[in-house]
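Engineer: Got a structure for you, written out below as structure tokens; questions coming shortly.
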Amino acid sequence: MAMGRLGFSTTKSARLLLLGVLALSVVLAEQEGENLSGLSNNPDKAIFAVRENGTTCLMVEFAVKFLVPYDVRALNGIDLITEQAAFTLPRGAEIEGKCGNTESEIQISWKNNAYTLRIYFSKEFRDKGTAVWKISKVQFVYDTSEKSHFINANNAGKHTASTHPLSALVTPAGRSFVCQAQQTLTLISSDHQKVITMSMYDIQIQPFDIASDFMFSEPYKCITDQRERLEETLPLILGFILALIIVITLTVYHFHLKLTATQPQLPRDRSMYKNM
């Protein structure tokens, strides 16, 4: 009997120990979201971070604008008219997120969960051992009964809009994506397949491999910014080359005048040669 009690006690202790280990692992893997938008001087730009075990594992800094179509009844009470709700992502939103080795996501909610934006990131390995990360999916949940943006919406309620599978903002692993230019994504809504536009600008994002807490890694500029930078600097380069050509031409002409001035002048009248 004593042996049976001892075996039961040992089994119970093992179970308690296992539960303790599982609880500890959950605590150790705790992930929390932080809103750092107050650090930005731009009133339209939000800064959000996801932290795991007290260390930043995902950071997003951007301004976002939504253009959402919705239906209202016409004055005759029969026909439907499509209106457009335009609004931005507020700086005071609530943040949640998940970090992983190859999959990460951030969830941004506001207006008592009337609006929820989810951005999914993935890392993939390509030829020659190179790795990149990208936005793989975007989902936006919105409530047309929320009257600050949707006025007299027909059949008001929650709808979900999603992108098709994406390869957006593709960036080398270990670097942050940076882009001042607007990046636009198209989402299809459950509300009669309406097309929602989500525009991001003034962007810096890094969902993996953040080396320092609250610090983005080396930036990777988008092609649009690189092109705009080239368009800005090209006139300066051409102007410099033109100025250099002018200086060289004037210098050569100046030396030519000096050389011709020191050479003896031969008489143009041939009769003068007889007297020489």
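The values are calculated or read from the model by the stated rules, or taken from the named source; none is laboratory data. Here the structure is a predicted model, which is why all the values come from computation and not from measurement. As a convention, Cβ positions derive from the backbone with ideal geometry for all residues, glycine included, and neighbour counts pool all protein chains shown. Each accessible area value is taken on the protein alone, full model and side chains, heavy atoms only, with ligands, DNA and RNA left out. Shrake-Rupley method; radii C 1.70, N 1.55, O 1.52, S 1.80 Å.
Engineer: Give me the one-decimal Kirkwood hydrodynamic radius in Å for segment 31-221, with the sum taken over alpha-carbon pairs.
Structural biologist: Values: mean 1/r = 0.0572 Å⁻¹.
Evaluated on segment 31-221, it is 17.5 Å.
Engineer: Could you provide, to the nearest whole Å², the per residue accessible area of segment 31-221 with probe 1.4 Å?
Structural biologist: On the way: 9360 Å² over 191 residues.
Spelled out: the 1.4 Å probe surface of segment 31-221, per residue, equals 49 Å².
Engineer: Would you give the gap between the C-alpha center of segment 43-108 and the C-alpha center of segment 116-175, rounded to a whole Å?
Structural biologist: Using only Cα atoms to place each centre, the spacing works out to 9 Å.
Engineer: Give the residue from Thr184, Ile108, Phe48 lying farthest towards the positive end of the charge dipole for segment 31-221; charges sit on Cβ (+1 for Lys and Arg, -1 for Asp and Glu) and the dipole is referred to the Cα centre.
Structural biologist: Going by the charge dipole, the pick is Thr184.
Engineer: For Glu124 and Ser148, calculate 0.36 nm times their separation in residues minus their Cα-Cα distance, and state this gained length in nm to one decimal.
Structural biologist: Details: separation 24, 0.36 × 24 = 8.64 nm, distance 4.04 nm.
Gain on stretching Glu124 to Ser148: 4.6 nm.
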